[in-house]
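> One structure follows; several queries about it will come next.
Please treat every number below as a calculation from the coordinates, not as lab data. Just so it is clear, the structure is predicted and the values come from calculations on it, not from any experiment. FYI the Cβ positions are ideal-geometry reconstructions off the backbone, even for glycines, and counts take in every protein chain you see.
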Amino acid sequence: MRDDLFELLWEGLLETLYMVAWSSVFALIIGILLGIILVVSEKGGILEAPIVGKIIGTAINGVRSLPFIILIVLLLPLSRLIVGTSLGPTAAIVALSIGASPFLGRIIENSLKEVSAGKIEAAKAMGATPLTIIFRVLIPEALPALVRGMTIAVIAITEFTAVAGAIGAGGLGSLAIRFGYQRFREDILIATVIVIILLVQIIQLSGDSVAKAILKKRHLG
Amino acid sequence: MIVIKDLHKTYTSGSSTITALDNINLTIDKGDIFGIIGFSGAGKSSLIRCLNRLEEPDSGSIEIGGKVLTDLSGKELRLARRKIGMIFQQFNLLDSQNVFQNVAFPLQVAGYPKPFIRERVREMLELVGLSDKEHMYPSQLSGGQKQRVGIARALVNEPDVLLSDEATSALDPQTTYSILELLQDINRKLKLTIVLITHELDVLQHICRHMAVIEHGSIVETGTVDKLFMDPVSYTARRFVSIIDYYRDKRSIMEGLGAGI
């Protein structure tokens, strides 16, 4: 072990957290929108529009079928356009957000579909508008499942940041490759792996406890 | 008053078409408790769900309180639905909201101010006997209590009509009885028209004044509940009533025997 280890790790961790946090926020916003559109537009949905749903569904499948590393390469021009560079953590956020949002869209779609049709019908029978049904019935009723799904997605984004590190995004993944692999610094490789494992555990535990707290409040846990 | 004219409804699944409602004509008086009875799959659920257009009829018209529901478009329909309460077999309460919030929901949808909502919700909870359960969540309540919340929620906006979609079918007989008593009480106090569908004869017998028998999507018999029990004409009504007759005969035989010994 050398004395630059902690400094490097700390820097890598901050970069990773920066990427994970912002990518999660953007991917969540886009993913929630996609998930809601998928659910309400399907046949028998509260804003039935099967063609819209089909188009979005196909686009989601298209993006999801690309390996993430290829998606980053494809999105490099877009990163350059939005943040002015295709290197570094900020550039990676563009690719990470776009890469993760279709995945989130599907997760959110599945969670929202768990809300029983009867509850939606009851709201319809009261004369509620589709927007009221989305925000007062669909989302609150699905909240515990949504939180669990988002936890999975944030962990997936953490994994993606490590991959993005391989092509110049910075962060812990880049550290592991540049030092651990290319310069034979085993100490850094092992330390990086440990930090990533801990990070994933913390995310999972926080997600679980939030979901549990919601269920407990509703006396469902 | 509710007037249903020439109502048709078919379902298509793949290449086959199933007729759920076939030329339904019904008139239900204001303030009546009207029961629609039939076996599973007879079309009674489709019929009641057409009344507030949770299901769209293929043709025909529905008029409730002078408003032709089948002519209304999106926004008008939503406004009309506020005056039609509905209760369900599975209660359909929101698990994310406590009792108070569940009952307040229709008023929030209608855009009433908070102080009014608070007062009105408390009134309703008192009416259904759940004043002490305001802060509880649906998962903490029994089936009967959940249906009471459902009733409070359905009535909080002072509807002219209450639709009951098998509201007691998931409850035990004693709870069923108490819910029926409550509905009867509300009918009397609020002069509310109640339309209920059921496959339970005792529900009809307990609270309904008029009824219709539905068989394969058609109304085969209408009249007072007394008439159904004393002089059933349709196959469905005879099947239902024959069960009671069987026990009446059995009892008279057994009592007869007892008297002989």
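> Take a quick pass over chain B and tell me how many lysine pairs come in under 13 angstrom between Cα atoms, counting only ones 8 or more apart or on separate chains.
Close lysine pairs found across chain B: 4.
> In whole Å, what is the distance between the alpha-carbon centres of the stretch A:1-76 and the stretch A:108-150?
One Cα centre to the other: 22 Å.
> Treating the angle as unsigned and between 0 and 90°, give the value, to the nearest 10°, between the Cα long axis of helix A:186-217 and the longest Cα principal axis of chain A.
So the inclination is approximately 20 degrees.
> Just tell me how shielded A:126-134 is by partners: mean number of partner chain Cβ atoms within 10 Å of each residue's Cβ, no decimals.
What the average comes to for A:126-134 is 6.
> Only Cα pairs under 8 Å and at least 6 apart count here; give the relative contact order of the stretch B:1-119 as a rounded whole percent. Provide the component values of the computation, followed by the final result.
Values: 126 pairs, mean separation 26.9, N = 119.
Normalised by residue count, the contact order of the stretch B:1-119 is 23 percent.
> Considering only the protein assembly as shown, what is the antiparallel percent among its DSSP beta bridges, to the nearest 5?
55
> Count charges around B:Val225 for me, please; just the other residues with Cβ under 12 Å from its Cβ, Lys/Arg as +1, Asp/Glu as -1.
Combined, the nearby Lys, Arg, Asp and Glu give -3.
> In a GNM of chain B with a 10 Å cut-off on Cα contacts, which of B:Lys83, B:Lys67, B:Lys114 has the highest mean-square fluctuation?
For chain B, modelled as a Gaussian network with Cα springs under 10 Å, the answer is B:Lys114.
> Per DSSP H run of n ≥ 4, the term is -39500 (n - 2.57); total these for the protein assembly as shown, divide by its residue number, and report the mean residue ellipticity at 222 nm rounded to 500 deg cm²/dmol.
One gets -19500 deg cm²/dmol as the mean residue ellipticity at 222 nm.
> Name the residue, out of A:Arg136, A:Arg64, A:Arg178, whose mean-square fluctuation peaks in a Gaussian network model built on chain A with Cα pairs under 10 Å.
A:Arg136
> Set Lys and Arg Cβ to +1 and Asp and Glu Cβ to -1, take the dipole of chain A about its Cα centre, and tell me which of A:Leu33, A:Leu199, A:Ile188 lies farthest positive.
A:Leu33
> I would also like to ask the following. Compute the relative contact order of chain B as a whole-number percentage, counting only Cα pairs closer than 8 Å that sit 6 or more residues apart in sequence.
Across chain B, relative contact order equals 26 percent.
> Among A:Val39, A:Val115, A:Val94, which one shows the highest mean-square fluctuation when chain A is modelled as a Gaussian network with alpha-carbon springs under 10 Å?
Comparing A:Val39, A:Val115, A:Val94 in a Gaussian network model of chain A, the most mobile one is A:Val115.
> Here's something else I'd like to know. Where the centre of each part is set by its Cα atoms, how far does the stretch B:60-107 sit from the stretch B:172-238, in angstrom?
22
> Shielding of A:136-145 by partners, i.e. mean partner chain Cβ atoms within 10 Å per residue?
Taking all residues of A:136-145 together, the mean is 3.
> Ok, one more. What residue among A:Ser116, A:Gly105, A:Met19 has its Cα farthest toward the positive end of the dipole of the stretch A:1-153, where the charges are +1 on Lys, Arg and -1 on Asp, Glu, each on the Cβ?
The one lying farthest along the dipole's positive direction is A:Ser116.
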